[in-house]
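Right, one structure below, let's go through it.
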Amino acid sequence: MNLNKLKGTGVALVTPMHKDGSIDFKSFRKLIDRCIDGRVEYLVPLGTTGESATLSSNERRAVLDFVTEITDKRVPIVLGLGGNNTQEILHTIEEYDFSGVDAILSVSPYYNRPSQRGIFQHYKMIANASPVPVILYNVPTRTGSNMDADTTLQLAHEVENVVAIKEASGNLEKAMKIIKNKPKDFLVISGDDVISLPMIAAGADGVISVIANALPKDASEMIRMCLEGNFDKARKLHYKLFDTMHAIFVDGNPSGVKGLLASQNICSEFVRLPLTAVSKAVINRFEGMGK
C-alpha cells in the first residue's frame, strides 16, 4: 500500500455497546460516518480502545466486517490484531479475510514479559505471515513490557513487511532515537494524543488517536497543520483540545471517551467488565467539551 495514506490521524475506534453489553451497530455506523466526515485519514477498529480483549472471536469478525462495509473504501482500515500468543495470531491471520484491510496494528506481547529477542521473533513471524503491512505497537503501561528503540529499529531495517510503529511509551527521547535512525520509508506514529504535536515536530508522521472519536475535525486538522509545518495554528488547536485530552483518561480508556461520546449523543457510555462506565458526574463534566 501507499504508506502516505497512514500519515495524519488514525482513529482508535471505540466499539459502541448497549447496556446489556451487546454491540450497538446503529451507533457504530454514526461514529464511523462522523469520523470520516471529520476528515480523519484512516480508521483503526479492534484496538485497545475498541475493547478487543473482551470481544469474542465471532464479535471481532463481525466488527471487522461491519467497519469494512460501512467505510466502503472511503478511508484505509488498519485492523487491531495482536496478543501474547504468537501461534494464535498466526492462526487468526490464516482465517481472516483481509480484502478490506490495508494494514494491521499489532500490540507488543503482554503479560508473558518476553525478552527483546522474543519480541523481535514474535513480530518477525507475524510480519512474514501477514498479507498486509504490519504496524508495531509499543504501549508499556498496558503490556508491562517496553520494546527498546533498538528492537524497533532492527525490525524496521530487517523485516520488510514491518512498515511503522505506534509508539506510546510517552518517551520523546526514545521516539527521537527511532526517528533519527529509521529507514526513510518507515513511519513513526504517536500513540498519545497529548504529545502528538511535539512528536511530529521531532519528525513523526501522525497519531492513532482516541480524542478523534469525539472531536475528529479539530483533532485531524491539528495533526495536518503539524505535518504542514503550520505550528502556530496547530498549537491553537492543540490547546483547545488539551483539557479534554486529559479528561477522557481520568476514569480510564475507553470509558472516558465513551462518556464524552454519550454527551454528544453519538453512542452510550457503556463498556464491558472489568471496565466500568464513567459516572453521570463525569459525563456532566464533558458537557460543552465536545462542541
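Could you count how many residues in the range 91-134 are among the basic types (Lys, Arg), in contact (Cβ under 8 Å) with a residue 12 or more places away in the chain and touching a Ser or Thr at 6+ places or on another chain (Cβ under 9 Å)?
Residues in the range 91-134 being among the basic types (Lys, Arg), in contact (Cβ under 8 Å) with a residue 12 or more places away in the chain and touching a Ser or Thr at 6+ places or on another chain (Cβ under 9 Å): 1 in total.
From 218, 192, grab the single residue that is more than 25 Å from residue 29 (Cβ to Cβ) and of a type in the set (D, E, K, R).
Exactly one residue qualifies, and that residue is 192.
Restricting the range 24-51 to residues that are hydrophobic (A, V, I, L, M, F, W, C) and assigned to a loop (DSSP other than H, G, I, E, B), which is farthest from residue 259 (Cα to Cα)?
40
Identify, by number, the condition in (1) out of contact with any Lys or Arg (no Cβ under 9 Å at 6 or more places or on another chain); (2) part of a loop (DSSP other than H, G, I, E, B) that residue 60 doesn't meet.
(2)
Pairs, please: C-beta under 6 Å, at least 6 apart or cross-chain, first residue in contact (Cβ under 8 Å) with a residue 24 or more places away in the chain and part of a strand (DSSP E or B) and in the range 195-209, second among the basic types (Lys, Arg) and buried (at least 23 other Cβ atoms within 10 Å of the Cβ)?
What qualifies is 208/166.
Restricting to the range 222-251, count the residues that are small (Gly, Ala, Ser) and either part of a helix (DSSP H, G or I) or surrounded by 13 or more Cβ atoms within 10 Å (Cβ to Cβ) (or both).
Qualifying residue count for the region: 2.
From the list 146, 112, 128, pick out the single residue that is at pLDDT 95 or above and of a type in the set (S, T, N, Q).
128
Going through 14, 63 one at a time, which residue ends up being closer than 27 Å to residue 224 by Cα, at pLDDT 95 or above, of a type in the set (Val, Ile, Thr) and in contact with a Gly (Cβ under 8 Å, 6 or more places away or on another chain)?
Result of the check over 14, 63: 14.
Of the residues 48, 9, only one is touching a strand residue (DSSP E or B) at 6+ places or on another chain (Cβ under 6 Å), under 20 Å from residue 214 (Cα atoms) and of a type in the set (S, T, N, Q); which?
So the residue among 48, 9 that is touching a strand residue (DSSP E or B) at 6+ places or on another chain (Cβ under 6 Å), under 20 Å from residue 214 (Cα atoms) and of a type in the set (S, T, N, Q) is 9.
Mind listing whichever residues of the range 1-15 are part of a helix (DSSP H, G or I) and either on the phi > 0 side of the Ramachandran plot or surrounded by 17 or more Cβ atoms within 10 Å (Cβ to Cβ) (or both)?
6, the sole residue that qualifies.
Being more than 20 Å from residue 10 (Cβ to Cβ), β-branched (Val, Ile, Thr) and crowded, with 19+ Cβ neighbours inside 10 Å is the requirement here; does residue 89 meet it?
yes
Can you find even one residue in the range 260-280 that is in contact (Cβ under 8 Å) with a residue 60 or more places away in the chain, within 17 Å of residue 17 (Cβ to Cβ) and in a helix (DSSP H, G or I)?
Checked the range 260-280: at least one residue is in contact (Cβ under 8 Å) with a residue 60 or more places away in the chain, within 17 Å of residue 17 (Cβ to Cβ) and in a helix (DSSP H, G or I).
Name the single residue that is surrounded by the most Cβ atoms within 10 Å (Cβ to Cβ) among those in the range 16-33 being within 20 Å of residue 101 (Cα to Cα) and either charged (D, E, K, R) or touching a residue at least 60 places away in the same chain (Cβ under 8 Å) (or both).
31
The values are calculated or read from the model by the stated rules, or taken from the named source; none is laboratory data. Please read all numbers here as calculations on a predicted model, not as lab measurements. Counting neighbours? That spans all protein chains shown, and the Cβs are built from the backbone with ideal geometry, glycine included.
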